[in-house]
Amino acid sequence: MDNVFESPFRGKLLSEQVTHPNISVGRYSYYSGYYHGHGFDDCARFLLPDPDADKLIVGSFCSIGSGAAFIMAGNQGHRNDWVSTFPFHFMSEVPHFAGAANGYEPAGDTVIGSDVWIGSEAIVMPGVTIGHGAIIGTRALVTRNVEPYTIVGGNPAKPIRKRFPDEHIAMLLEVAWWDWDDTALEAAMPIMTSADVPALHAFWRARQ
């Protein structure tokens, strides 16, 4: 099968790849899937097409590495509080299982904030929210919500450190630069490509 990516260094915008009705993506977010060869739709595992099903929501300016996976469909019918985790209901064509209760439970939408960097082959479990500016390490297993601008890694993923001091994180969340129009971003680009958070905040305040 032909690789849909031409190079490991050239990703494709999610807006040009996504066809699934329950995946929502922001502007400029991209998936770089060269090493796995498939488009972003296939990163959302077990994603149901039903209008009321759990959704995968990805913000703007996200960078998603090859083979990242978002596990969907809640508990997929496996109840760990029942006698058996086996989804008997899904085997209803077997006469012996006809009386089985449906163990499916939704987990809620999986929400990826803006400016999130997700490393190659990271796995995000159902119903997780990843805050703006977070970094998810390669092959991390994300089972819990991730705070904004926090770097996590490991299995299960745990916080390693914050990207900035708390006061700078508050500034970044206040300015929400990912919602700016392209003209404002162009004017701020020298600051965007620096570590000077207070300067970005001052730029934003001057335009209010």
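The values are calculated or read from the model by the stated rules, or taken from the named source; none is laboratory data. Quantities reported herein were computed from a predicted structural model and do not represent experimental measurements. Here the Cβ is made from the backbone with ideal geometry for all residues, glycine too, and neighbour counts use every protein chain on show.
Quick notes on this one:
- Selection count where residues are at negative phi and either outside any helix (DSSP H, G or I) or not aliphatic (A, V, I, L, M) (or both), scope the stretch 174-208: 21
- Enumeration of residues in the stretch 102-122 that are touching a strand residue (DSSP E or B) at 6+ places or on another chain (Cβ under 7 Å) and surrounded by fewer than 21 Cβ atoms within 10 Å (Cβ to Cβ): 109, 111, 117, 119, 120
- If the condition is being in contact with a helix residue (DSSP H, G or I) (Cβ under 6 Å, 6 or more places away or on another chain) and not hydrophobic (A, V, I, L, M, F, W, C), then the stretch 149-195 contributes 149, 168.
- Pairing residues of the stretch 159-171 that are closer than 13 Å to residue 132 by Cα with residues that are modelled with pLDDT of 95 or more and not in a helix (DSSP H, G or I), at Cβ distances under 6 Å and at least 6 apart in sequence or on separate chains, gives 162/149; 162/150; 163/149; 164/149; 169/149.
- Meets criteria (assigned by TED's automatic domain parsing to the domain that holds residue 70 and outside any strand (DSSP E or B)) for residue 168: no
- Residue within the stretch 16-34 that is touching a Pro at 6+ places or on another chain (Cβ under 6 Å), closer than 18 Å to residue 121 by Cα, in a loop (DSSP other than H, G, I, E, B) and in the same structural domain as residue 115 (by TED's automatic domain parsing) present: yes
- Hey, residue 77 touching a residue at least 12 places away in the same chain (Cβ under 8 Å) and touching a Phe, Trp or Tyr at 6+ places or on another chain (Cβ under 6 Å) or not: yes
- Top-ranked residue in the stretch 4-39 [being modelled with pLDDT of 95 or more and of a type in the set (Phe, Trp, Tyr); ranked as surrounded by the fewest Cβ atoms within 10 Å (Cβ to Cβ)]: 28
- Here the strands (runs of 3 or more DSSP E) wholly within the stretch 57-162 that include at least 1 residues being touching a Lys or Arg at 6+ places or on another chain (Cβ under 8 Å) are 69-71, 110-112, 150-153.
- Test set (1) touching a residue at least 40 places away in the same chain (Cβ under 8 Å); (2) more than 15 Å from the chain's Cα centre (by Cα) - residue 51 fails condition number: (1)
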